[in-house]
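See below for the structure under consideration.
The values are calculated or read from the model by the stated rules, or taken from the named source; none is laboratory data. In this text, all values refer to a predicted model and were calculated from it rather than measured experimentally. Positions of Cβ are generated from backbone atoms using ideal geometry, with glycine treated the same way; all protein chains shown enter the neighbour counts. What goes into the accessible areas is simple: the full protein's heavy atoms, side chains included, and nothing from ligands, DNA or RNA. Shrake-Rupley method; radii C 1.70, N 1.55, O 1.52, S 1.80 Å.
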Amino acid sequence: MRRIALVTLVVDDYDEAIRFYTDALGFRLAEDTPRPDGSRWVVVEPGSNGAGAGASATGLVLARAKGEDQRSRIGDQTGGRVGFFLHTDDFARDHARMTAAGVTFLEEPRHEPYGSVAVFQDLYGNRWDLLQPATTD
């Protein structure tokens with residue numbers, strides 16, 4: 001079996017990014033290990049209110065930007081497109097919880113043939129879909 005295990009997300013500050021992903025999005029902090037160069041290896045994963053933690057979850061490496069080239073990409077890693085897709089098994093629950101936690105949604109929830117969806121921004125402006133896929137009965 002092969003799968004994408006981790007995706008890097010360039011951030012401005014480790015601790016503020018950890019707070020956003022754990023508190024506002026409900027992810028879990030899977031690892032936070034200091035490295036000899038002063039950086040940290042920080043991994044967050046969707047919790048049970050998202051895609052589910054565990055062997056099949058894809059985690060995010062929260063990597064603090066080094067230098068102006070990387071800093072210029074914070075919040076715009078996909079050129080303004082939705083670049084990340086957070087699946088849920090209960091759209092209404094997670095939308096309400098995230099809204100109460102201060103997450104900025106860029107649109108009202110919509111119900112498409114593929115599922116319920118709304119675009120939101122992370123703390124740096126990267127666009128995400130909160131998505132409950134349609135069931136195929």
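Using the Cα centre of region 1-103 as the reference point, and only Cβ charges (+1 on K/R, -1 on D/E), how large is the resulting charge dipole? Debye, rounded to the nearest 20.
My answer is approximately 280 debye.
In Å², what does the accessible area per residue of region 3-43 work out to with a 1.4 Å probe?
Accessible area per residue, region 3-43: 55 Å².
Just flag the chymotrypsin sites (Phe, Trp or Tyr not before Pro) in region 25-129 sitting in loop per DSSP whose Cβ has no more than 16 other Cβ atoms within 10 Å.
Of the chymotrypsin sites (Phe, Trp or Tyr not before Pro), the ones in loops of region 25-129 whose Cβ has at most 16 other Cβ atoms within 10 Å are TYR114.
Counting alpha carbon pairs within less than 8 Å and at least 6 residues apart, what relative contact order, in whole percent, applies to the chain?
23 percent
How much net charge surrounds ARG73 when only the other residues with a Cβ under 12 Å from the Cβ of ARG73 are counted, with Lys and Arg +1 and Asp and Glu -1?
-2
Where is the GNM fluctuation largest for the chain (alpha-carbon springs, 10 angstrom cutoff): LEU25, LEU123, LEU106?
LEU106
Report, in degrees rounded to the nearest 10, the 0 to 90 angle that the Cα long axis of helix 91-100 makes with the longest principal axis of the chain.
For helix 91-100, the angle is close to 50 degrees.
Ignoring ligands, DNA and RNA, what percent of the accessible area of the chain is carbon or sulfur (1.4 Å)?
Carbon-and-sulfur percentage of accessible area, whole number: 49.
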